[in-house]
Amino acid sequence: MITGALGALILLLGCWAQHLGHEEAKAKWTTLGEWLALRGGYLHRGLEPSLVSHGGLSMMGIVSTVLLPEGAVAIELPRLALLDLELLGSIPEYLDLASSTPSCSISSGFQRSMRNLKLLTILAREKAKGPASDFASYLELLPSKVNLEESDVYYAGEDLLKDFKVLPVINFWRRIQAEHYKELESCFEALKMQRPMETAGVLWKDVEVLLRTHRSRYFAISQPSLEFLGPGADWVNTGTRTEQNVKAVLTISGKHQEMTLQFVASRDLKPGEELILSYFTGLDNEDILFRWNMYLEGNDISLDAGDTATVCSAGGQDLRSASLEMLDLNVERQVPRCRDSGKRQGVLRCSLARLAYELCVGSWFPERSAVNPAPQTPASRSKGDRVAGYLIMYSMILRSRGDRAGAKEALNDLFSRAEKGLAAASLVDAHLQMAEWLLEEEELQESEKHILAAMRVREEAKAYFNHGLIFLARGDSLNALQSFRRGRQLSEPGSAVEAECARMLQKSLGALGLTGPSATRTERAHPLYYNQSNVLSTLLVG
């Protein structure tokens with residue numbers, strides 16, 4: 001039996017949009033509980049949806065109407081209630097759709113998006129069935145596009161984009177995601193052509209809305225690798241560490257690895273108290289806004305100080321005015337709450353205004369930042385990896401469209417971030433990608449610079465392979481031979497890189513006349529051998 005809490009279960013939920021009236025929500029919650037019971041699930045009878053307040057905003061949450069003691073199970077979802085492609089793809093009418101491989105390209109790093117695309121295409125088809133769908137009790141609770149537009153960064157309107165364009169969550173995260181969705185749309189159209197019967201009546205706009213909903217509600221497990229939607233569980237809001245009172249526990253047991261997700265009270269909950277779950281650890285409000293469309297008041301993780309000078313100066317008076325227009329400065333808070341502006345997308349505008357204030361308060365109001373200092377705990381190191389990963393994927397999207405200059409610019413943006421102290425482990429991947437593109441363009445010297453930069457961080461088989469190609473292009477077969485040999489040693493057995501290194505190693509041996517059993521001995525006697533050792537030393541110590 002495997003039991004995990006937040007260490008093994010990463011929660012990516014979100015239920016911060018109020019799109020149902022109180023009585024309607026209660027009725028639908030009851031219906032959902034009945035549907036879950038048929039699948040072996042459980043919603044504690046003392047739970048009900050209710051309007052709650054977070055950071056001054058009213059939204060729907062789940063409260064306990066009774067005393068819920070520590071250790072009590074509030075929600076339980078068995079495998080039949082965890083909605084993923086494996087479960088929905090096993091429905092006879094969707095077997096072929098689930099196993100389809102549409103003729104389209106998805107950038108490296110976004111491969112799991114194809115699974116999600118097929119899952120959400122199935123859910124869109126089910127949603128179109130209305131009450132006739134076996135999943136209607138859950139699908140009826142999901143927000144519409146109109147609901148999402150009020151708080152979702154992806155749906156930010158032109159006026160909002162103009163006011164907050166300098167914020168990284170707008171000009172970086174949202175821009176890259178929008179480009180990725182263009183890839184997914186082309187894959188969706190290819191899927192429709194391949195499986196017209198199973199996708200009849202489903203449009204991209206339907207899937208796009210479900211993609212946005214899925215992004216803020218899914219659960220992810222690393223071992224075994226699984227992503228799923230958890231009906232009922234995704235109504236539970238998050239809060240600060242001191243507010244959290246339930247924990248997620250995943251149990252995998254039995255010969256067939258049966259899986260159960262439980263939400264368990266981590267302390268006694270009083271009648272009328274809202275269930276609050278941890279969605280994450282070590283994330284700042286920029287990350288939280290991008291993933292869950294909310295600003296978490298009281299978050300003790302600081303924003304990236306490296307963005308402050310650039311954003312606050314570039315935004316100038318426009319950013320300051322747009323932000324302060326939304327905020328109530330009369331009440332002393334670390335980050336002011338919002339006034340009711342009556343503006344379209346007011347919830348999103350409020351979140352962006354609070355994010356800008358948190359980032360720029362030191363330059364806008366030095367006296368306020370002295371009285372209410374910003375949190376000093378930095379975001380987890382994984383944020384640097386995410387920034388690097390998104391920039392690399394974005395560069396590959398641009399490259400696939402023939403925008404070579406744009407692809408290089410995206411990677412150069414990453415390198416400049418690294419120079420400001422935002423280096424990440426995946427910076428190596430960026431250097432190797434740039435080296436490969438420069439090698440294709442026969443810019444050997446520039447390509448070699450990026451290879452050496454990658455090697456200064458860690459040894460990579462691909463780095464040695466590409467360096468070998470550069471040596472060969474220069475007519476230096478011995479150095480090429482040594483690079484290909486080292487690349488093969490570092491490669492995963494059976495990988496494409498190992499096969500390419502082995503092939504080029506034989507080519508280099510042939511060029512030197514070093515073939516057969518005596519090749520290694522002959523190579524060591526070669527007058528250039530000791531020079532190669534020096535070259536390798538230079539590579540490894542930089």
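The values are calculated or read from the model by the stated rules, or taken from the named source; none is laboratory data. Keep in mind that what you see is a predicted model, and the values were worked out from it rather than measured. All Cβ positions, even for glycine, are placed from backbone atoms using ideal geometry, and neighbour counts span all protein chains on display. Side chains included, ligands, DNA and RNA excluded: accessible areas come from the protein's heavy atoms. Shrake-Rupley method; radii C 1.70, N 1.55, O 1.52, S 1.80 Å.
Miscellaneous remarks
- The residues of region 330-366 that are open to solvent by less than 10 Å² (accessible area, probe 1.4 Å) and either of a type in the set (D, E, K, R) or assigned to a helix (DSSP H, G or I) (or both), listed by number, are L348, R349, C350, S351, L352, A353, R354, L355, A356, Y357, C360.
- Single residue of E498, E459 found to be farther than 30 Å from P168 by Cβ and modelled with pLDDT of 90 or more: E498
- Residue count, region 13-33 (criterion: at pLDDT 50 or above and under 24 Å from V249 (Cβ atoms)): 3
- Test: residue in region 428-446 that is of a type outside the set (A, V, I, L, M), open to solvent by 20 Å² or more (accessible area, probe 1.4 Å), modelled with pLDDT under 85 and not in a loop (DSSP other than H, G, I, E, B): yes
- For region 155-165, the count of residues that are basic (K, R), over 21 Å from the mean Cα position of the chain (by Cα), in a helix (DSSP H, G or I) and under 24 Å from A322 (Cβ atoms) is nonzero.
- Checked against the criteria, A178 counts as surrounded by fewer than 15 Cβ atoms within 10 Å (Cβ to Cβ), in a helix (DSSP H, G or I) and of a type in the set (G, A, S).
- Here region 412-427 is the region considered, the condition is being open to solvent by less than 30 Å² (accessible area, probe 1.4 Å) and not in a helix (DSSP H, G or I), and the residue that is modelled with the lowest pLDDT is A424.
- Reported count of residues in region 269-284, each being open to solvent by 40 Å² or more (accessible area, probe 1.4 Å) and small (G, A, S), is 1.
- If you go through region 476-498 and keep only what is open to solvent by less than 60 Å² (accessible area, probe 1.4 Å), over 19 Å from H431 (Cβ atoms) and small (G, A, S), you end up with S477, A480, S495.
- Conditions (1) within 26 Å of S491 (Cα to Cα); (2) open to solvent by 20 Å² or more (accessible area, probe 1.4 Å): number failed by R404: (1)
- Per the listing S313, S302, the residue uniquely among the hydroxyl-bearing types (S, T, Y) and either touching a Lys or Arg at 6+ places or on another chain (Cβ under 6 Å) or within 19 Å of K162 (Cα to Cα) (or both) is S313.
- The single condition among (1) in a strand (DSSP E or B); (2) under 27 Å from M60 (Cα atoms); (3) modelled with pLDDT under 90 that T251 does not satisfy is (2).
- Residue within region 58-66 that is more than 18 Å from T213 (Cβ to Cβ) and at pLDDT below 95 present: yes
- Number of the exception - S151 against (1) open to solvent by 30 Å² or more (accessible area, probe 1.4 Å); (2) among the polar types (S, T, N, Q); (3) part of a loop (DSSP other than H, G, I, E, B): (1)
- When region 197-214 is filtered for residues that are of a type in the set (D, E) and either under 18 Å from Y94 (Cα atoms) or assigned to a loop (DSSP other than H, G, I, E, B) (or both), the ones remaining, listed by number, are E198, D206.
- Subset of region 270-296 (residues that are in contact with a helix residue (DSSP H, G or I) (Cβ under 8 Å, 6 or more places away or on another chain), charged (D, E, K, R) and either over 26 Å from V249 (Cβ atoms) or part of a loop (DSSP other than H, G, I, E, B) (or both)): D284, E286
- Contact map, region 22-45: residues that are free of Cβ contacts under 8 Å to residues at least 60 places away in the same chain and farther than 19 Å from V66 by Cα paired with residues that are among the aliphatic types (A, V, I, L, M) and open to solvent by less than 70 Å² (accessible area, probe 1.4 Å), Cβ distance under 9 Å, separation 6+ or inter-chain. Pairs shown: A37/L43; R39/L77; R39/A81; G40/L77; G40/A81.
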